[in-house]
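K.L.:
Take this structure, written in structure tokens, and hold onto it; I'll ask about it next.
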Amino acid sequence: MLKVRYALGLALLMAASLYLLPALQAADNPVPDSPEVSGLLAQAKTRSIQLRDDSDLMRSFNLTGTFWQNHADQITMIKSHVNNLGKLLREMDSKREMASPWQQEAIDHITPLAAELASSVENTIEHLNTNQNRLHTPQYRDYLTANYNLSVSLSALIGDFVSYGKNRAEYEKLGSELELPGS
């Protein structure tokens with residue numbers, strides 16, 4: 001009976017070690033950051049800042065009483081920024097296999113927020129197209145505020161991931177120079 005327990009325990013220990021081996025090897029050999037994905041994140045940061053600034057300008061139109069055409073021109077520019085950001089995200093996603101885990105996490109967090117912003121911009125366009133003479137209604141102001149708030153959140157999120165990537169690379173470089181374990 002003792003031999004059976006010993007053999008069973010040994011078998012379980014071997015199975016567990018085989019199961020954990022890939023995770024342990026991954027910890028020893030972490031996936032390096034993809035320079036392509038880092039570059040795309042930096043581009044997305046620039047685009048998201050433009051988007052945030054243009055959304056802020058459009059939001060201010062409601063305070064100044066600008067013409068309908070100014071609103072239409074501005075929302076067209078915002079839509080273009082959203083579409084360009086979407087292209088960058090699709091390109092990042094196509095390079096997902098080369099991305100490090102934190103870069104994959106960045107893609108996973110940025111994409112739904114960008115989709116929510118795109119939906120909000122579409123709602124604004126629809127409202128503007130059907131209500132050209134109703135630019136000062138609470139509903140329209142809510143659309144403009146939502147676009148602005150989402151663009152601020154998106155810009156901050158992308159900026160945080162870009163900063164993380166730069167700080168992480170600097171940390172690893174310093175650790176390597178100091179010959180620290182795990183660097």
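The values are calculated or read from the model by the stated rules, or taken from the named source; none is laboratory data. As the structure is a prediction and not an experimental result, all values here were calculated from the model. Glycine gets a Cβ as well: all are built from the backbone with ideal geometry, and neighbour counts include every protein chain shown. The protein model used for the area step is the full one, side chains on, heavy atoms only, and it has no ligands, DNA or RNA in it. Shrake-Rupley method; radii C 1.70, N 1.55, O 1.52, S 1.80 Å.
K.L.:
Can you confirm whether Leu89 is out of contact with any Cys (no Cβ under 7 Å at 6 or more places or on another chain), of a type in the set (A, V, I, L, M) and touching a residue at least 60 places away in the same chain (Cβ under 8 Å)?
P.N.:
The answer is no for Leu89.
K.L.:
Also, quick follow-up: Restricted to the stretch 94-110, and to residues that are surrounded by fewer than 16 Cβ atoms within 10 Å (Cβ to Cβ) and free of Cβ contacts under 8 Å to residues at least 60 places away in the same chain, which residue is nearest to Ser48 (Cα to Cα)?
P.N.:
The residue in question is His109.
K.L.:
Based on this model, can you work out whether Thr124 counts as in contact (Cβ under 8 Å) with a residue 40 or more places away in the chain, in a helix (DSSP H, G or I), surrounded by 11 or more Cβ atoms within 10 Å (Cβ to Cβ) and not aliphatic (A, V, I, L, M)?
P.N.:
Answer is yes for this residue.
K.L.:
Test Ser48 against the stated conditions and say whether it is within 20 Å of the chain's Cα centre (by Cα), at pLDDT 95 or above and loosely packed, with under 15 Cβ neighbours inside 10 Å.
P.N.:
Considered against the rule, which asks whether it is within 20 Å of the chain's Cα centre (by Cα), at pLDDT 95 or above and loosely packed, with under 15 Cβ neighbours inside 10 Å, Ser48 comes out as no.
K.L.:
Another question, if that's okay. Which condition number does Tyr148 fail, the rest of (1) of a type in the set (Phe, Trp, Tyr); (2) closer than 30 Å to Asp33 by Cβ; (3) at pLDDT 95 or above being met?
P.N.:
(2)
K.L.:
Modelled with pLDDT under 95, charged (D, E, K, R) and surrounded by 16 or more Cβ atoms within 10 Å (Cβ to Cβ), is that true of Arg59?
P.N.:
yes
K.L.:
If you scan the stretch 62-86, which residues turn out to be open to solvent by less than 80 Å² (accessible area, probe 1.4 Å) and farther than 19 Å from Glu116 by Cβ?
P.N.:
Correct list: Asn62, Gly65, Thr66, Trp68, Asn70, His71, Ala72, Gln74.
K.L.:
For the stretch 127-183, what are the residues that are acidic (Asp, Glu) and either loosely packed, with under 15 Cβ neighbours inside 10 Å or not in a helix (DSSP H, G or I) (or both)?
P.N.:
Asp142, Asp160, Glu170, Glu177, Glu179 - these are the residues of the stretch 127-183 that are acidic (Asp, Glu) and either loosely packed, with under 15 Cβ neighbours inside 10 Å or not in a helix (DSSP H, G or I) (or both).
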